[in-house]
1. Output the residue which, of all residues in the range 107-133 that are open to solvent by less than 30 Å² (accessible area, probe 1.4 Å) and aliphatic (A, V, I, L, M), is farthest from GLN36 (Cα to Cα).
2. Please verify whether the range 66-77 includes one or more residues that are out of contact with any Gly (no Cβ under 6 Å at 6 or more places or on another chain), open to solvent by 90 Å² or more (accessible area, probe 1.4 Å) and free of Cβ contacts under 8 Å to residues at least 60 places away in the same chain.
3. Please work out which one of (1) part of a loop (DSSP other than H, G, I, E, B); (2) open to solvent by less than 30 Å² (accessible area, probe 1.4 Å) is the condition ASN97 fails and give its number.
4. Could you tell me how many of the residues in the range 142-201 are of a type in the set (S, T, N, Q) and surrounded by 17 or more Cβ atoms within 10 Å (Cβ to Cβ)?
5. Only one of (1) open to solvent by less than 60 Å² (accessible area, probe 1.4 Å); (2) in a loop (DSSP other than H, G, I, E, B); (3) over 24 Å from MET173 (Cβ atoms) is not met by ALA37, so which one is it?
6. Could you please tell me which pairs satisfy a Cβ distance under 9 Å, a separation of 6+ or placement on different chains, a first residue in the range 180-198 that is farther than 23 Å from PRO149 by Cβ, and a second residue that is outside any helix (DSSP H, G or I)?
7. Scan the range 19-34 for residues that are in contact (Cβ under 8 Å) with a residue 40 or more places away in the chain and either over 12 Å from the mean Cα position of the chain (by Cα) or open to solvent by 100 Å² or more (accessible area, probe 1.4 Å) (or both) and jot them down.
Amino acid sequence: MNTLEAIYQRRSVKAFDPNHKITPEEEKQLLEATIQAPTSFNIQHWRFVILRDPQLRQKIRQEYGNNQAQMTDASLLILFTADVKAWEKNPSRYWQNAPKEVADLLVNWIAPFHEGREWLQRDEAQRSIGMAMQNLMLAAKEIGYDSCPMIGFDIEKVAELVNLPKDYVIGPMVAIGKKIKEPWPKPGQIPLEDLIVENSF
């Protein structure tokens, strides 16, 4: 499948085969593709919480997840989180393979760009999550799986369940698996001409 096919065929699937297992090799393949997404200053804020425990998934579904079946039935359920303070935690590691002059330049820019701008730190973390999620969902489509991004859960309660560190934010969950029911037709895209602005509003 080429990239455009994956983009157009990816849908948010709600009904998964609860008996299907993703192999460890497939899981690694999906996660390796996920982390190829770009991030500002190559900070790689993402931290992926693989929700494996069936009881934990059941609790999230029933108590905090609006009884969404994909939370328990999908083969793989990943909670996307991000370290908002990743920019100040050993930033030289993000540029360890770059030429020294490039690494020095960019590493020295990281702190001045982020310091005192908490809104930016959080925005960048969430942007990083979004790009990584899309990589995951397109990679899943490429290898024959379907996906569903979800934000319909109690963020604070789930944060407690996974012991979310204080410097982290939670993004959506993504369910991956074998669909057993076709999604409904696409509800409709806003016409492209209504979405484009030339140069300024």
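1. This residue is LEU120.
2. yes
3. Unmet condition: (2).
4. Qualifying residue count for the region: 1.
5. Exception for ALA37: condition (3).
6. none
7. Listed by number, the residues that qualify are HIS20, LYS21, ILE22, GLU26, GLU27, GLN29.
The values are calculated or read from the model by the stated rules, or taken from the named source; none is laboratory data. Computed from a predicted structure; not experimentally measured. In this analysis, Cβ positions are derived from the backbone assuming ideal geometry, glycine residues included, and neighbour counts consider all displayed protein chains. Please note that ligands, DNA and RNA were not included when accessible areas were found on the heavy atoms of the full protein model with its side chains. Shrake-Rupley method; radii C 1.70, N 1.55, O 1.52, S 1.80 Å.
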